[in-house]
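Before any comments, here is the structure.
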Amino acid sequence: MFRLATRSTRVMGLTGRRMASTEVAPVYQNKRFVPNEAKAKEFQETYEHTKEHANSTFGLWKNISIWVCVPALIASGINSYYIEKEHAEHREHNSHIPDEDMPTEFLFQNVRNKKYFWGDGDKTLFWNEKANRHVPRD
């Protein structure tokens, strides 16, 4: 194995590059990498135009954010406040209804195959005394 490796390096040293038919000039001597003044000026003009456009677009979206989005957020917040106020009043009203007047619990509701290991074993982890009711009827 090592004999083959040393032989191939010896052969390459004698013959030079194996796959190149002619010697390639270094990259810095390649004519494609010489700066083109016209293209450089065109690029600079495009860059400046893009910067100006970005500044004007930034101002537009800043104004949209301040004068459209902020009032919309305030209006939706006020709307949510009144809706939640109505919900709170409704929940308060429902908490005063006696257990006898509550709707009938069907067999598929509040199924407990095994008691929970917290509390009295009948209430779920997120049980809310004001919102949830479990009236056992025998």
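The values are calculated or read from the model by the stated rules, or taken from the named source; none is laboratory data. Computed from a predicted structure; not experimentally measured. Methodologically, a virtual Cβ is constructed for each residue, glycine included, from the backbone with ideal geometry; neighbour enumeration extends over all protein chains shown.
Some points to look at:
- Any pair with Cβ under 9 angstrom, 6 or more apart, that starts in region 107-133 at a residue that is touching a residue at least 24 places away in the same chain (Cβ under 8 Å) and ends at one that is surrounded by 10 or more Cβ atoms within 10 Å (Cβ to Cβ) and of a type in the set (Lys, Arg): 130/91; 131/91
- Residue in region 35-49 that is exposed (fewer than 10 other Cβ atoms within 10 Å of the Cβ) and outside any helix (DSSP H, G or I) present: yes
- Within region 100-129, the residues that satisfy the criterion of being surrounded by 10 or more Cβ atoms within 10 Å (Cβ to Cβ) and not hydrophobic (A, V, I, L, M, F, W, C) are 105, 110, 112, 115, 116, 119, 121, 122, 123, 124, 128.
- Options 10, 3, 32, 17; residue that is surrounded by 10 or more Cβ atoms within 10 Å (Cβ to Cβ), at pLDDT below 95 and either touching a helix residue (DSSP H, G or I) at 6+ places or on another chain (Cβ under 6 Å) or assigned to a helix (DSSP H, G or I) (or both): 10
- Residue match in region 53-66 (condition: charged (D, E, K, R), within 38 Å of the chain's Cα centre (by Cα), surrounded by 10 or more Cβ atoms within 10 Å (Cβ to Cβ) and outside any helix (DSSP H, G or I)): no
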